[in-house]
Amino acid sequence: MPGDPPVPITVWPVPAPQAGETMSNAMGVRLVHNLSHPSNLIIDLAVGPQLARAIISTQRRAHLTLAGPGQRGPEPATLIVSGWPPYHAAAPEEFFTRCRTSLLPGGCVAVLLPHDDLALPVDVVVAAKRTGLMYLQHIVAADRPPRRGLRTHLDIHTDVLILTRGTTQRGDSHG
């Protein structure tokens, strides 16, 4: 968006998800290891067992729902992972408002999108920003890693948008 600083873009060489699922096992492991610590709560809104397997194998704790409007969940989470569109919310802004309510300050929402609509990531980031979340990082998942010195075509299958609640109060200029 004009005036916003650019976010880092990272390439993760992980297999594509199976049809109808949000991610591969390798993607679940990378998300859990890179975006949480062992004592953290993770909210798993992904389709398929991959994230749950990663949570169990790393001895993290999981919850399967977001706090509803005006409610609080059992405790705020450090990480929320969801595919897109979210199956559990009527509209993107409602979904991100519920995510923000369910996150600890500094916590992250990882939204996984199929890499077939170039405008969709922009629409998702705009909806998230309207609710006070900040765009922190963009991860592109490709079947094989880029090779240094070689011009190779990346077979990107998934865009992962990392959004954060930030550590300041809503209404501040920083989110």
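Within the stretch 91-133, the set of residues being closer than 23 Å to Glu75 by Cα and of a type in the set (A, V, I, L, M, F, W, C) comprises Phe95, Phe96, Cys99, Leu103, Leu104, Cys108, Val109, Ala110, Val111, Ala128, Leu133.
Which of the residues spanning the stretch 58-71 are loosely packed, with under 13 Cβ neighbours inside 10 Å and either touching a strand residue (DSSP E or B) at 6+ places or on another chain (Cβ under 8 Å) or assigned to a helix (DSSP H, G or I) (or both)? Leu64 - this is the single residue of the stretch 58-71 that is loosely packed, with under 13 Cβ neighbours inside 10 Å and either touching a strand residue (DSSP E or B) at 6+ places or on another chain (Cβ under 8 Å) or assigned to a helix (DSSP H, G or I) (or both). Looking across the stretch 1-38, the residues that are in contact with a strand residue (DSSP E or B) (Cβ under 7 Å, 6 or more places away or on another chain), in a loop (DSSP other than H, G, I, E, B) and among the aliphatic types (A, V, I, L, M) come down to Val7, Val14, Ala16, Met23. Selection of first residues in the stretch 82-111 that are at negative phi and small (Gly, Ala, Ser) and of second residues that are assigned to a helix (DSSP H, G or I) and at pLDDT 90 or above, restricted to Cβ pairs under 7 Å at least 6 apart or on distinct chains, gives the following pairs, ordered by first then second residue: Ala89/Phe95; Ala89/Arg98; Ala110/Leu31; Ala110/Leu35.
Do we find a residue being among the aliphatic types (A, V, I, L, M), surrounded by 13 or more Cβ atoms within 10 Å (Cβ to Cβ) and either in a helix (DSSP H, G or I) or in contact with a helix residue (DSSP H, G or I) (Cβ under 9 Å, 6 or more places away or on another chain) (or both) anywhere in the stretch 83-93?
So the first thing to find is which residues in the stretch 83-93 are among the aliphatic types (A, V, I, L, M), and the list is 89-91.
Then keep just the ones that are surrounded by 13 or more Cβ atoms within 10 Å (Cβ to Cβ); that gives 89.
Keeping just the survivors that are either in a helix (DSSP H, G or I) or in contact with a helix residue (DSSP H, G or I) (Cβ under 9 Å, 6 or more places away or on another chain) (or both) gives 89.
Yes, the conditions are met somewhere in the stretch 83-93.
In this structure, does Pro145 turn out to be in a loop (DSSP other than H, G, I, E, B), surrounded by fewer than 16 Cβ atoms within 10 Å (Cβ to Cβ) and touching a strand residue (DSSP E or B) at 6+ places or on another chain (Cβ under 6 Å)? Considered against the rule, which asks whether it is in a loop (DSSP other than H, G, I, E, B), surrounded by fewer than 16 Cβ atoms within 10 Å (Cβ to Cβ) and touching a strand residue (DSSP E or B) at 6+ places or on another chain (Cβ under 6 Å), Pro145 comes out as yes.
Among residues that are over 25 Å from His157 (Cβ atoms), among the basic types (Lys, Arg), buried (at least 17 other Cβ atoms within 10 Å of the Cβ) and without any contact (Cβ under 8 Å) to a residue 60 or more places away in the chain, Arg30 is not included.
Considering the stretch 39-57 alone, what residues qualify as being in a loop (DSSP other than H, G, I, E, B) and modelled with pLDDT of 90 or more? Break it down into steps so the answer makes sense when it comes.
We begin by selecting, within the stretch 39-57, every residue in a loop (DSSP other than H, G, I, E, B); these are 39-40, 46-49.
Hits for the stretch 39-57 are Asn40, Ala46, Val47, Gly48, Pro49.
Taking the listed residues Ala16, Ala26, the one that is farther than 23 Å from Leu133 by Cα and touching a Ser or Thr at 6+ places or on another chain (Cβ under 7 Å) is Ala16, with no other qualifying.
The values are calculated or read from the model by the stated rules, or taken from the named source; none is laboratory data. It should be emphasised that the depicted structure is a prediction, and the values quoted were computed from it without experimental measurement. Ideal geometry is used to build each Cβ from the backbone, glycine not excepted, and the neighbour counts take in all protein chains shown.
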